[in-house]
Amino acid sequence: MTTGLVPVRFVGVGAAVPATVISNQDLSQIVDTSDEWIYSRTGIRQRRVLTPAESVLDLATQAAQGALTMAGLSPDQLDLIILCTSTGIDRFSTAPYVQAKLTASRAVAFDLGAACSGLVYGLVVGSQMIQTGLYQRVLVVAADALSRVVDWQDRTTCVLFGDGAGAIVLEAGKGDPGLLAAELRTDGQGGSHLTLGMATLPQEVGIPVGRYQVQPLTMNGREVYKFAVTAVPEVIEKVLFRAGLGAHQIQGYFIHQANQRILDAVSERLGIPKSQVASVLEHYGNTSGGSVAIALQEWVRQGRFGTGDLGILAGFGAGLTWGALALRWGRF
């Protein structure tokens, strides 16, 4: 990284998923599918979904609290909260509600929209705030309730997605940097391949105005797959090059959990064992931006990734957006 910048540390990770489990067998009761069909094509066995009484705000707060606990920080020590979401409870902004639930009264809070790339985008933005000296401690949360925006009669999408949240705490450090390299990309020409749109309907009020109505999530799975298996390894290779690292020096790859075939394709392209690439798809499905932190939290909790270890975080999805960063974990 450029000299003269404040070093960034990645010091806490948290995750939250709902208690309600929807298995592939459950889905076969409402759409024409089966456990074998879903698992063989995606690597997913089940997903977690919010009940009507639960909220994506609950998930975001739980993940944030877990990350703060691991970091040994209290909410009032935070300077900034970035909430990466496409399904917030308030179209204006949901981050202030997270700030309020955490009682993080000192923190500035805002939403960031980059769908399944959200956590990686948010971490890069938050890191810049620290590197320039503006803030000392930043909480980045990615949370989505995609169960509320899929068409449950569309077997091409409803089998893929689950609800979940992940959070990572960043703080200013001293000495060597924890953020080693980062790269973000966007290609709006492919935006129509994965959408959560807003239709404009006429509104009868005596003047020519319209109103928005949320449309269900749509995806061209073939095109998204082709994009991901090419773009994700490429951006990871660029980040490794910038960080001066070889692929085999990385202890853990935490890549957006969209499809096991994509994860396998990335490991093959990089020439690394599949065991180096975290996978939690089987139990949680595609949890959007939170999936990267959910996978990271599981490895940290299991002792598979710890202080001083080198990691790659990578996200990709709607926009089309994608990106990756290389880090050294913890207060080393």
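Among the criteria (1) open to solvent by less than 20 Å² (accessible area, probe 1.4 Å); (2) more than 20 Å from the chain's Cα centre (by Cα); (3) among the aliphatic types (A, V, I, L, M), the one A172 does not fulfil is (1). For the range 202-223, enumerate the residues that are touching a Gly at 6+ places or on another chain (Cβ under 8 Å) and hydrophobic (A, V, I, L, M, F, W, C). Matches in the range 202-223: V214 only. For the range 119-129, the criterion of being more than 17 Å from I294 (Cβ to Cβ) and out of contact with any Leu (no Cβ under 9 Å at 6 or more places or on another chain) is satisfied by no residue at all.
Quickly run through the range 3-43 and pick out the residues that are in a loop (DSSP other than H, G, I, E, B), touching a residue at least 40 places away in the same chain (Cβ under 8 Å) and out of contact with any Phe, Trp or Tyr (no Cβ under 8 Å at 6 or more places or on another chain). Of everything in the range 3-43, those that are in a loop (DSSP other than H, G, I, E, B), touching a residue at least 40 places away in the same chain (Cβ under 8 Å) and out of contact with any Phe, Trp or Tyr (no Cβ under 8 Å at 6 or more places or on another chain) turn out to be L5, V6, P7, P18, D32, T33, G43. Scanning the range 178-233 for residues that are touching a residue at least 40 places away in the same chain (Cβ under 8 Å), touching a Lys or Arg at 6+ places or on another chain (Cβ under 8 Å) and either of a type in the set (V, I, T) or loosely packed, with under 13 Cβ neighbours inside 10 Å (or both) returns a single hit, V229. I89 passes every criterion in (1) touching a helix residue (DSSP H, G or I) at 6+ places or on another chain (Cβ under 7 Å); (2) more than 27 Å from S279 (Cα to Cα); (3) outside any loop (DSSP other than H, G, I, E, B) apart from (3). Would a scan of the range 107-115 turn up a residue that is of a type in the set (D, E) and either in a helix (DSSP H, G or I) or within 22 Å of L281 (Cα to Cα) (or both)? No - not one qualifying residue is present in the range 107-115.
Count of the range 20-44 residues, restricted to those that are buried (at least 17 other Cβ atoms within 10 Å of the Cβ), of a type in the set (A, V, I, L, M, F, W, C) and under 17 Å from R222 (Cα atoms), is 1.
The residues on offer are V150, V124, and the sole one that is surrounded by fewer than 24 Cβ atoms within 10 Å (Cβ to Cβ) and touching a Phe, Trp or Tyr at 6+ places or on another chain (Cβ under 7 Å) is V150. Filtered by the rule that a residue be in a strand (DSSP E or B) and open to solvent by 10 Å² or more (accessible area, probe 1.4 Å), the range 287-328 gives L310, T321, W322, R328. Within the range 49-106, if we keep just the residues that are in contact with a strand residue (DSSP E or B) (Cβ under 9 Å, 6 or more places away or on another chain), among the aliphatic types (A, V, I, L, M) and more than 16 Å from A143 (Cβ to Cβ), the residue that is surrounded by the fewest Cβ atoms within 10 Å (Cβ to Cβ) turns out to be L73. Please indicate, with yes or no, whether at least one residue in the range 1-14 is more than 30 Å from D176 (Cα to Cα) and either modelled with pLDDT of 95 or more or among the hydrophobic types (A, V, I, L, M, F, W, C) (or both). Scanning the range 1-14 turns up no residue that is more than 30 Å from D176 (Cα to Cα) and either modelled with pLDDT of 95 or more or among the hydrophobic types (A, V, I, L, M, F, W, C) (or both). Of the residues making up the range 153-177, those that are closer than 17 Å to Q46 by Cβ, in a loop (DSSP other than H, G, I, E, B) and in contact with a Phe, Trp or Tyr (Cβ under 9 Å, 6 or more places away or on another chain) are V159, G162.
The values are calculated or read from the model by the stated rules, or taken from the named source; none is laboratory data. If you're wondering where the values come from, they're calculated on a predicted model, not measured in any experiment. We place every Cβ from the backbone using ideal geometry, glycine too, and count neighbours over all the protein chains shown. We work out accessible area using only protein heavy atoms, side chains counted, and drop any ligands, DNA or RNA first. Shrake-Rupley method; radii C 1.70, N 1.55, O 1.52, S 1.80 Å.
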